[in-house]
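S.K.: The following block contains the structure, expressed as structure tokens.
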Amino acid sequence: MSGILNRRALLQRAAAMAALSIAGACNAPVSAKRAKIGGYPFTLGVASGDPVSDGFVIWTRLAPDPFDRESLTDEAVSVIWEVASDDQMKNVVQRGVTVARRALAHSVHVEVRGLPSQRAYWYRFRIAGGDASPVGRTWVAPRVGSPLERLRFALTSCQHYEQGYFTPYVPMMSDRPDLIIHVGDYIYESSWGEQIRRHEGPEPYTLDEYRDRHALYKTDPHLQAAHSFCPWLVTWDDHEVDNDYQGLDSEDWEDHDAFAKRRAAAYQAYFEHMPLRHIAVPRAAEMRLYQRSTFGDLIEFTLLDNRQYRSPEPCRDADHGGGHLVSIATCRDLVDPTRTFIGKEQEAWLFNNFSHATAKWNAIAQSQLFSQLKQKTQDGQEATWSEDWNGYPLARERIIAKMVQTKLSNPVILGGDIHSFWVNDVKADFDNPGSQTVATEIVGTSLTSAGPPYELLAAALPDNPHVKFFESRKRGYVMCEVTQSALNADLRIVDDVRDPNTKDGSLAKFTVEAGKPGAVQA
Ligand code: FE
Ligand code: CA
């Protein structure tokens, strides 16, 4: 989608690098004279994540001026963290000191443990004798297997900073989610389309450039408010690194060694800006992001990493037009059983989770459209999109077959990436509409990013009878409430993300009854 702007981005980058080397030389003697912390350090807000039955992780990053490295000392800075049982932070139940280091952009990730289960808490950070952060709200999960009546969660993805204000977070907070699940494209590395505000700087390649991009997004007040409102669970898609990348294959065929370095920089900046546990600290060029979170006896969320371990894109070559729509008849890669979407190790981990799942609902939160979507090439051949699960149909079949084999309780697949709402029946055999519906898929539209052409995708719907709902012309998110008896999904929209005072509404509501896979419009 962003390919056309790449040449310009590279030129801008070259110009910026030249400017930087001059500025760097001039500024060098100044840093020693600067104050240790040159201003209020909590400009990027606070966040919490991954509630477990005795704690959660809390995050902040010290950044007096997030775009000026010199605004903060190179030395480690001690940061006090506090967890209280009240929003005024009067009854502090745990307190500690951690250290923010330059090596991780002075980010702080505290794994709070030892708290009683199923309770709300408030948290903040302080510099000794100095500033305090805003207060965030979070909670400790119920014990795995213990009774939980309901959980409300919002599903969001695809927040292009340039293409809209992050206003959908306003109605989302009015919906009072317990949890926000972000399934990728948290930042965008590239620019295209209509722009109502601009990225600072060119397309990122280096660690500092990715840090600046994350910091820019985190300066958005609606995003900060949503992070402090409740804990998040996060996974990424492609734009956190590079449009449409898979494994070490980049959009523009960068050399694998060079792209490994770029990807490592992007992964590190992602870790530095997200409420993630230390298991996710990047090691070499890799980062462990996939995880599962279980809430009482009600619901387990499995978050997949769709990008890091993926086999190369099928039939991405001149013989097949070089695009993402490949002919089903001629693309042999589609039927190669050795090709993987999430990698052998993650797949084995997922299947092991299926075998040991105990919750009533099993949600798989991941970045892309999962269900089959048959399309046609311009000359009328049956075709499929090669850049999501549709390019890896045997990997998808393995997952569906494993759900059936393990009798996975109420599987629901949550996704994003395609900038449109989809509600789908996940079929045992997509080519046989009469086959068993194994799971329900709900794909949330983009928070702000422009949607794909409506007519083009709507024209494909007759060939995809398992699609129960599709809409690409609206921006928003999905608000879900899950109970022992049903999962209710409200497809929430705003009128216009280019309007800072936009109105919001509900596009459609769907219900999945426990024991009856497939969503029914309410
Ligand atoms: Fe996106
Ligand atoms: Ca994407």
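S.K.: Would you check if there is a residue in the stretch 457-477 being under 24 Å from the mean Cα position of the chain (by Cα), buried (at least 24 other Cβ atoms within 10 Å of the Cβ), within 18 Å of residue 156 (Cβ to Cβ) and more than 16 Å from ligand 2 (Cβ to nearest atom)?
M.R.: yes
S.K.: Just checking, does the stretch 63-77 include any residue being in a loop (DSSP other than H, G, I, E, B), surrounded by fewer than 16 Cβ atoms within 10 Å (Cβ to Cβ) and on the phi > 0 side of the Ramachandran plot?
M.R.: no
S.K.: Could you tell me whether any residue of the stretch 446-454 is surrounded by 14 or more Cβ atoms within 10 Å (Cβ to Cβ), within 22 Å of residue 403 (Cα to Cα) and of a type in the set (A, V, I, L, M, F, W, C)?
M.R.: So far as the stretch 446-454 goes, no, none of its residues is surrounded by 14 or more Cβ atoms within 10 Å (Cβ to Cβ), within 22 Å of residue 403 (Cα to Cα) and of a type in the set (A, V, I, L, M, F, W, C).
S.K.: So, in the stretch 371-395, exactly how many residues are in contact (Cβ under 8 Å) with a residue 40 or more places away in the chain, away from ligand 1 (no atom under 16 Å from the Cβ) and not hydroxyl-bearing (Ser, Thr, Tyr)?
M.R.: The total comes to 12.
S.K.: Go through the residues of the stretch 368-384 one by one and say whether even a single one is assigned to a loop (DSSP other than H, G, I, E, B), within 16 Å of ligand 2 (Cβ to nearest atom), among the hydroxyl-bearing types (Ser, Thr, Tyr) and surrounded by 22 or more Cβ atoms within 10 Å (Cβ to Cβ).
M.R.: No, there is no match, as no residue in the stretch 368-384 is assigned to a loop (DSSP other than H, G, I, E, B), within 16 Å of ligand 2 (Cβ to nearest atom), among the hydroxyl-bearing types (Ser, Thr, Tyr) and surrounded by 22 or more Cβ atoms within 10 Å (Cβ to Cβ).
S.K.: Determine which single condition residue 176 fails, assuming it passes every other condition in (1) away from ligand 2 (no atom under 16 Å from the Cβ); (2) in a strand (DSSP E or B).
M.R.: Here residue 176 meets the rest and fails (2).
S.K.: If you don't mind, another one. Quick one: would you say residue 209 is charged (D, E, K, R), assigned to a loop (DSSP other than H, G, I, E, B) and at negative phi?
M.R.: No.
S.K.: A further question follows. Going by the conditions given, is residue 103 more than 16 Å from ligand 1 (Cβ to nearest atom), under 27 Å from residue 242 (Cα atoms) and surrounded by 24 or more Cβ atoms within 10 Å (Cβ to Cβ)?
M.R.: So residue 103 does not fit the description; no.
S.K.: Taking the condition away from ligand 2 (no atom under 16 Å from the Cβ), small (Gly, Ala, Ser), without any contact (Cβ under 8 Å) to a residue 24 or more places away in the chain and crowded, with 20+ Cβ neighbours inside 10 Å, does residue 280 pass?
M.R.: In short, yes.
S.K.: Could you say whether any residue in the stretch 242-259 is away from ligand 1 (no atom under 16 Å from the Cβ) and touching a Leu at 6+ places or on another chain (Cβ under 8 Å)?
M.R.: Looking through the stretch 242-259, at least one residue is away from ligand 1 (no atom under 16 Å from the Cβ) and touching a Leu at 6+ places or on another chain (Cβ under 8 Å).
S.K.: Is it true that some residue in the stretch 400-409 is touching a helix residue (DSSP H, G or I) at 6+ places or on another chain (Cβ under 8 Å), under 19 Å from residue 338 (Cβ atoms) and more than 16 Å from ligand 1 (Cβ to nearest atom)?
M.R.: Yes: one or more hits.
S.K.: Can I ask one more? May I ask you to say which residue of 176, 150 is in contact with a strand residue (DSSP E or B) (Cβ under 8 Å, 6 or more places away or on another chain), over 30 Å from residue 451 (Cβ atoms) and among the basic types (Lys, Arg)?
M.R.: Going through 176, 150 in turn, the sole match is 150.
S.K.: Being of a type in the set (A, V, I, L, M, F, W, C), away from ligand 2 (no atom under 16 Å from the Cβ) and not in a loop (DSSP other than H, G, I, E, B) is the filter here, so list the residues in the stretch 140-169 that pass it.
M.R.: Result: 140, 151, 153, 154.
S.K.: Ok, one more. With the structure loaded, tell me whether residue 133 is of a type in the set (S, T, N, Q) and surrounded by 19 or more Cβ atoms within 10 Å (Cβ to Cβ) or whether it fails that test.
M.R.: Yes, satisfied.
S.K.: Within the stretch 249-265, is there a residue that is away from ligand 2 (no atom under 16 Å from the Cβ), under 20 Å from residue 100 (Cα atoms), part of a helix (DSSP H, G or I) and modelled with pLDDT of 95 or more?
M.R.: Looking through the stretch 249-265, at least one residue is away from ligand 2 (no atom under 16 Å from the Cβ), under 20 Å from residue 100 (Cα atoms), part of a helix (DSSP H, G or I) and modelled with pLDDT of 95 or more.
S.K.: Let me ask another. Can you tell me how many residues within the stretch 183-213 are surrounded by 22 or more Cβ atoms within 10 Å (Cβ to Cβ) and within 23 Å of residue 498 (Cβ to Cβ)?
M.R.: Number satisfying all stated conditions: 7.
The values are calculated or read from the model by the stated rules, or taken from the named source; none is laboratory data. Quick caveat, the model's predicted, so the values are computed rather than measured. Cβ: placed from backbone, ideal geometry, glycine included. Neighbour counts: every protein chain shown.
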